[in-house]
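What follows draws every value from the coordinates through simple rules; no lab data is involved. Here the structure is a predicted model, which is why all the values come from computation and not from measurement. When we count neighbours, we look across all protein chains shown, and the Cβ atoms used for this are built from the backbone with ideal geometry, even at glycine.
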Amino acid sequence: MNPEAKAFMIGVCREYGSDRTRLMDIVRRIQEQERHVSLEAMELIAEELGIESVEVRSLVSFYSFFSEKPQGKIVIRVCNDVVDLMQGGAEVSRAFEAALGILVGQTTADGKFTLEHTPCIGMCDQAPAILVNHVVCTRLSAAQVPRMVEILKRTGDPQALVTQYGGGNNEDERIRSMVQNSIRREGEVLLAPREAEAGLRQAVAMQPEDVVRSIKDAGLRGCGGAGFPTGMKWEFTRKAAGDRKFLICNADEGEPGTFKDRVLLTEKFDLLCEGMAVAGYAIGAQEGIIYLRGEYAYLQAFLESILARRRKEGLLGTEILGQKGFDFDIRIQMGGGAYICGEESALISSCEGLRGDPKTRPPFPAQKGYLGCPTSVNNVETLCTVACILERGADAYRALGTSQSAGTKLLSVSGDCEWPGIYEFPFGVSLHEILQECGATDAQAVLVGGPSGTFVDPAQFNRTICFSDLSTGGAVVVFGPHRNLLRIAGEYLDFFIEESCGYCTPCRAGTVLMKQRFEEVLAGRGNQSDLDYLVELGRTIKSTSRCGLGQTACNPVLTTIANFRPLYSALQKAPDDNHKASFDIYGALRDHEALAGRTSEIFPHTN
Amino acid sequence: MSKDKITFTIDGCEVTAQPGQTVMQAADAANIRIPQLCYLEGLTPHGSCRVCIVKANGRLDTSCTLPAVEGMVVENNTEEINEYRRDLVDMLFVEGNHICPSCEKSGDCELQGVAYELGITAPKYPYQFPRRETDASHPDIFLDLNRCILCARCVQTSRDLDGKTVFEFVGRGPDKKLAIRPGARLADTELDITDQVVGSCPVGTILKKRVGFAVPVGERTYDKEPHPEQPVSE
Amino acid sequence: MDKPKLATCSLAGCFGCHMSILDIDERILDLVDLVDFDKSPINDKKAFTDRCLVGLLEGGCSTEENVHVLESFRNSCDILISVGACAITGGIPAMRNNIPLTECLSEAYLDGPTVYNPGRVLPSDPEIPLCLNNVYPCHEVVKIDYFLPGCPPSADTIWEGLVALLSGKPLDLPYQLVKYD
Ligand SMILES: Cc1cc2nc3c(=O)[nH]c(=O)nc-3n(C[C@H](O)[C@H](O)[C@H](O)COP(=O)(O)O)c2cc1C
Ligand code: SF4
Ligand code: SF4
Ligand code: SF4
Ligand code: FES
């Protein structure tokens, strides 16, 4: 290793106090500078941090944005989410392969380019999209690719690809992005006009306990997907023993088809900071962390500058709004490309400089979270809503939505519809209404809650978005009549397999078995007993997995079996008690037939 | 006020636990068997194999990580739960390359023992036959990842009891695997035959050399009866 | 009344399971009272002469011929029992499964340390059955009704299994008889 690189790495380690819990940040910086984290780098970091190099490798190998092999100066990550594939993502990948002369997963010989696939980058409303280092390019077509590669070769600067900005703060000089907000429906709460900092002012005029009570009274439930009552979570955190407490904002937004947090971060970041300060005040936390997914790195400088401005304005830091004893500050923790880190305890592991393994519960984060301290993890939308509730009062919020599900919900609508984008609806809105508003007239299916949610068939489009019916973190993906729904279910299953942390048996091993048999069924080598096998295996995985990822990973298959049975029936072989439909004798013979240059006499076939 | 004793039931039997004890610890103390694999007394419960799953007040959870709570109603030895356990054990078998007839651990293997106990006669799932590494470089210890069930007992024992961190996991999802210092062979690590980690592996992955097949068939740990004793770290 | 018929075969196995069948010692006389042997290496009967109640399968499927025989057993027997590790998991022969067939055949016929094959020909006479890409346990190819594990299963296991079946009792092996080696 050259002395400069070595000095740089040691410098990075020391910048973070050679603190093992900051390993994510250290590795990230070294990855960006050196384009990989070599074995030597691992040894060096380990020595500097007083740990073993295999521990560094453990982290590096977990996150898809870190790599042990050198990557190109420019890393092109083509989003291969289902929605992107529906809109030409595969053609875009192939066009890059052709233009660069490499395959996905490879680096050009001159070390300039690496081409990769990446799951949903939160741009489904403007698919197909790619990441070029930190720069997002959207609405691509294969035809544009040669010119893009040419620009990159000429300038070496991904930002040169951005010729038109996407509107709103995307035009801000600290973002300069072509990403669009696509806000289609401004509802009564989050996207409605409001008075800046009114929520925070209201909060500091109250006792922290009363702030918690307000949030409880408002009936706010977490918007990240799990729907846990926010006030209750705060109360646990507030009451937990310990002087040092943390508030973490979950901005990992990884559920395929979800992009509402990206829009809130772009357009409503002050509101989020306000909500975080309110939360910090309420639970007694002085330290806040925003866990920002690596894919949203293009927003980082902008967000940092707003944090700095708020510190100057006395809205962050010590004695916020002049209130003695109300100290609260926020740091941004960047993620490394791992969906599981959206799960709150895995997110905490990641913040601690560990692999993104979920933690054993109990203890819950509210009791023992980040660095063992009581921690409340809340979604971006949840925290934004908090500030709005304080501003208008719990009753006004509660008056919206349904009796069981108060308020409004941001929906990220994408897929086969006229108007993909962000919609703020009161809870209780039906799928019919959503489809009508987004301009989808002939949907074959709607995926509510992303792949961990439910594929809903047209007969059930009168169902509503709320906690007692279709509960969702916000993803609504529409599939038109021409889509192959089962292929799509299989692609989503692949996503979960790829993103499993691998900690527990059912999710690590069971999902692979699920995919294997599912493929047999799709290939027409399955009958009723194979569907039973899928349902039973799916039940075991769901029931025994350690965290929400495994518990929902089989939903694409299970909910299509439940709601789209005819699609499976059409593929099924006639029941045969004696022979296993999934056994493929011709496939099993293929290798030896090719080697021997003859076909089987026992099992003759023509091709 | 904190009580000094917790009373709850497992399959209808009353069990007492000390505050802070898990359901599994209380069951062990009461001689009630809960099948287990990744749990090893003296280590932080890992909760990864999921085999010790029980239904507590109607909710499935792993008994090795679940604190006992006053009045809790635990279902353990029921057909529903044992079926889940069989599925999980089966997954562990087919995920690796477990060819028992050729394995030195056979008869003393906890994975096998749990499978016998649950009455598994044939795998429900297709074997996956992954290609995995072996390392015979160490003079006294053999490492065969074909049989690793990723239970973390060695990771924790080496780190927390031996103070060495010879082992860690790398990769994620189905690609997760046990690893040692990057670029090194087992012989290049600090691993020593007297380390506690050598006895921590439930299966035939970390094996002492030159001691295999010493005990005749019929007299090995799991030949005659299930779980003759709870495994303890050597 | 005719005695029920029993057939046995060895697919990709080592005949160890058949040895274990013989290992039931004098109980074989009781067995002969209970059943007639149809197709089996034990009596060297090469083809089915009748429909059988029970077929005992040793070994998994490594070649097309194994599949063919297995299917004929499925078609000719009411009840099929996988006997032993190879029938149940593929067993020792399945240790080739994580190595591509081409590599296996090269090692065996071309590049192995003890191979003398100057012409570098892979045997490919049509008489020799083609290998499958993997060795498959029997139940992945056809429906199997019962499993008697072991490598080989002990004579007691086989005896218990057969007696239970022939007397119409459920097959419920005691702990000591469930063994994978
Ligand atoms: C696999 C998995 C991924 C998740 N991803 C996210 C995410 O990206 N953003 C989020 O806010 N919550 C996510 N969650 C939910 C979090 O665990 C947690 O419930 C949430 O952050 C709590 O905030 P809330 O109560 O405000 O919703 C995820 C959960 C699981 C199981
Ligand atoms: S369910 Fe999946 S993601 Fe969750 S702990 Fe288990 S392996 Fe990890
Ligand atoms: S480790 Fe256990 S289950 Fe695996 S092959 Fe060895 S004896 Fe069998
Ligand atoms: S080597 Fe053994 S102890 Fe270590 S993780 Fe694998 S199975 Fe567990
Ligand atoms: S023993 Fe409890 S999960 Fe493994």
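So here's what we get for this one:
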{"read-out": "Shielding by partners, peptide A:575-586 (average Cβ within 10 angstrom, other chains)", "value": "4"}
{"read-out": "The range B:1-158: relative contact order in percent, alpha carbon pairs under 8 Å with at least 6 residues between", "value": "22 percent"}
{"read-out": "Shape category assigned to the range B:6-77 from the gyration tensor of Cα positions, a/c cut at 1.5", "value": "prolate"}
{"read-out": "0 to 90° range, to nearest 10: angle between helix C:155-166 axis and chain C longest Cα axis", "value": "60 degrees"}
{"read-out": "Choice from C:S20, C:S62, C:S72 showing the highest fluctuation, given a GNM over chain C with Cα pairs closer than 10 Å", "value": "C:S72"}
{"read-out": "Taking A:M9, A:M123 and counting other C-beta atoms within 10 Å, the order from fewest to most", "value": "A:M9, A:M123"}
{"read-out": "Between the range B:11-65 and the range A:182-233, the alpha-carbon center distance in angstrom", "value": "40 Å"}
{"read-out": "Whole-number percent relative contact order across chain A, with pairs defined as alpha carbons under 8 Å at least 6 apart", "value": "13 percent"}
{"read-out": "Ranked by how many other beta carbons lie within 10 Å on average, peptides A:82-93, A:315-326 from highest", "value": "A:82-93, A:315-326"}
{"read-out": "Partner lysines for C:K39 [C-alpha distance under 17 Å; skip if fewer than 8 residues away on the same chain]", "value": "C:K3, C:K5"}
{"read-out": "The range C:99-181: trypsin sites (Lys or Arg not before Pro) in DSSP coil with no more than 14 other Cβ atoms inside 10 Å", "value": "C:R120, C:K143"}
{"read-out": "Exposure proxy ranking, count of Cβ atoms within 10 Å, fewest first, for C:W159, A:W234", "value": "C:W159, A:W234"}
{"read-out": "Residue (of B:G171, B:C148, B:G204) at the positive-pole extreme of the range B:85-208, dipole from beta-carbon charges", "value": "B:G171"}
{"read-out": "Residues of type aspartates and glutamates that C:K46 reaches as a straight line, Cα spacing below 12 Å, ignoring anything fewer than 8 places off in the same chain", "value": "C:D38"}
{"read-out": "Alpha-carbon spread of the range A:170-319, three principal axes, descending order, Å", "value": "45, 34, 29"}
{"read-out": "Under 17 Å from A:K580, Cα to Cα: lysines that are on another chain or at least 8 residues apart", "value": "B:K124, C:K143"}
{"read-out": "Relative contact order [Cα under 8 Å, 6+ residues apart], the range B:15-86, whole percent", "value": "31 percent"}
{"read-out": "Overall form of the range A:349-452 per C-alpha gyration tensor (a/c, 1.5; a/b vs b/c)", "value": "oblate"}
{"read-out": "Percent of C-alpha pairs per 10 Å bin, chain A, short to long", "value": "3, 16, 25, 27, 18, 8, 2, 1, 0"}
{"read-out": "Global form of the range B:85-208, assessed from the alpha-carbon gyration tensor, a/c cut-off 1.5", "value": "prolate"}
{"read-out": "20 Å binning of all Cα-Cα separations within the protein assembly as shown, expressed as whole percents from 0 upward", "value": "12, 40, 36, 12, 1, 0"}
{"read-out": "Residue order, fewest to most beta carbons within 10 Å, for B:D195, A:D357, A:D584", "value": "A:D584, B:D195, A:D357"}
{"read-out": "Highest average packing first - A:545-555, A:498-508, B:54-64, C:7-17, Cβ atoms within 10 Å", "value": "A:498-508, A:545-555, C:7-17, B:54-64"}
{"read-out": "Positive minus negative residues near A:L39 (Lys, Arg vs Asp, Glu; Cβ under 11 Å)", "value": "0"}
{"read-out": "10 Å Cβ neighbours from other chains, averaged over peptide B:41-52", "value": "3"}
{"read-out": "Per-residue average of Cβ from other chains inside 10 Å of B:105-116", "value": "2"}
{"read-out": "For the range C:11-131, share of DSSP beta bridges that run antiparallel, in % to the nearest 5", "value": "35 percent"}
